[in-house]
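J.: Below is a structure I'd like to ask you about.
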Amino acid sequence: MKFFVDTADIDAIRELNDLGMVDGVTTNPSLIKKSGRDILEVTKEICDLVSGPVSAEVVATEADAMIAEGRRLAEIAENIAVKVPLTWDGLKACKTLSDEGRMVNVTLCFSANQALLAAKAGATFISPFIGRLDDLNIDGMELIADIREIYDNYGFETQILAASIRTANHMSDAAKIGADVATAPPAVIKAMANHVLTDKGLAQFVKDAADAGIKIV
Ligand code: G3P
């Protein structure tokens, strides 16, 4: 499973990228707002740092305007994936932009039918939002499983990009189901390293090493 990092925080992206943990980046208007940066500037910086796909989202809601914004965003760098919402207008924009050879990430997906439409419209990525479904007591992982089954039934090449990931368990669950990509905030990716038994075991090793006076360099 590829790891995308869901942030516009350059320092956080750099830290994970240096560790080989970043196969791509996703942003959205809320994350751009949080960064306090200009969208074109910060997106360019991210694209300079990361070689994989960098999703940048349109803000228009009407197809022609989305297409114009998508073309502008795609001028930033070769690795831009234009992100459009899963509305009828968004699907029109997806079809036009993907026919032009651009990567398109269709976002705000909450049903298998929406994912089927995005694949038909030529989406490179479909972004089902797990956490926001879980918030409503609907199992977000079931949606990932349904989309996996449907795409595999018909050989759709659209990649399933599990999004709205809130916990480390979401990452392993998405990987078990076979999501192609998971995008998560930096803190969730780092939390994947945590285990209480690792901490406990390490504390014992540190103590024993000190007691025994073990020195290596
Ligand atoms: O990847 C989509 C993400 O940015 C939304 O996450 O936690 O706001 O539902 P969340």
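A quick yes/no check of all residues on (1) touching a Lys or Arg at 6+ places or on another chain (Cβ under 8 Å); (2) under 28 Å from Gly155 (Cα atoms):
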site: Asp38; (1), (2): no, no
site: Ala63; (1), (2): yes, yes
site: Glu75; (1), (2): no, no
site: Val104; (1), (2): yes, yes
site: Thr124; (1), (2): no, yes
site: Pro128; (1), (2): no, yes
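J.: So, one more: Of these, Asn105, Asn113, which one is closer than 27 Å to His170 by Cα and touching a residue at least 60 places away in the same chain (Cβ under 8 Å)?
T.: Residue meeting the stated conditions: Asn105.
J.: Being part of a helix (DSSP H, G or I) and either surrounded by fewer than 17 Cβ atoms within 10 Å (Cβ to Cβ) or away from the ligand (no atom under 16 Å from the Cβ) (or both) is true for just one of Lys215, Lys176. Which residue is that?
T.: Lys176
J.: If you don't mind, another one. Considering only region 129-144, I want to know if a residue exists there that is surrounded by 15 or more Cβ atoms within 10 Å (Cβ to Cβ), touching a Leu at 6+ places or on another chain (Cβ under 9 Å) and touching a residue at least 60 places away in the same chain (Cβ under 8 Å).
T.: no
J.: Is it the case that some residue within region 67-84 is part of a strand (DSSP E or B), in contact with a helix residue (DSSP H, G or I) (Cβ under 7 Å, 6 or more places away or on another chain), crowded, with 19+ Cβ neighbours inside 10 Å and in contact (Cβ under 8 Å) with a residue 40 or more places away in the chain?
T.: The answer is no, given that none of the residues of region 67-84 is part of a strand (DSSP E or B), in contact with a helix residue (DSSP H, G or I) (Cβ under 7 Å, 6 or more places away or on another chain), crowded, with 19+ Cβ neighbours inside 10 Å and in contact (Cβ under 8 Å) with a residue 40 or more places away in the chain.
J.: Can you spot a residue in region 85-93 that is in a strand (DSSP E or B), within 13 Å of the ligand (Cβ to nearest atom), more than 13 Å from the chain's Cα centre (by Cα) and on the phi < 0 side of the Ramachandran plot?
T.: Yes - at least one qualifying residue is present in region 85-93.
J.: Further, regarding this structure: Is one or more of the residues making up region 103-112 open to solvent by 20 Å² or more (accessible area, probe 1.4 Å), of a type in the set (Phe, Trp, Tyr) and over 24 Å from Met141 (Cβ atoms)?
T.: Checked against the condition, which is being open to solvent by 20 Å² or more (accessible area, probe 1.4 Å), of a type in the set (Phe, Trp, Tyr) and over 24 Å from Met141 (Cβ atoms), region 103-112 yields no hits at all.
J.: Of (1) over 19 Å from the mean Cα position of the chain (by Cα); (2) surrounded by 17 or more Cβ atoms within 10 Å (Cβ to Cβ); (3) not aliphatic (A, V, I, L, M), Thr183 satisfies all except one. Which?
T.: (1)
J.: Only one of (1) within 14 Å of the ligand (Cβ to nearest atom); (2) open to solvent by less than 30 Å² (accessible area, probe 1.4 Å); (3) among the small types (Gly, Ala, Ser) fails for Ser35. Which number is that?
T.: (2)
J.: Of all the residues that make up region 77-113, how many are touching a strand residue (DSSP E or B) at 6+ places or on another chain (Cβ under 8 Å) and of a type outside the set (Ser, Thr, Tyr)?
T.: The number of residues fulfilling the criteria is 22.
J.: Report, by residue number, each residue of region 116-170 that is in contact with a Phe, Trp or Tyr (Cβ under 8 Å, 6 or more places away or on another chain), within 15 Å of the ligand (Cβ to nearest atom) and either of a type in the set (S, T, N, Q) or in a helix (DSSP H, G or I) (or both).
T.: Selection gives Arg132, Leu133, Gly140, Leu143, Gln159, Ser164.
The values are calculated or read from the model by the stated rules, or taken from the named source; none is laboratory data. Fair warning: this is a prediction, and the values are worked out from it, not measured in the lab. Methodologically, a virtual Cβ is constructed for each residue, glycine included, from the backbone with ideal geometry; neighbour enumeration extends over all protein chains shown. Keep in mind that these areas ignore ligands, DNA and RNA; they rest on the heavy atoms of the full protein, side chains included. Shrake-Rupley method; radii C 1.70, N 1.55, O 1.52, S 1.80 Å.
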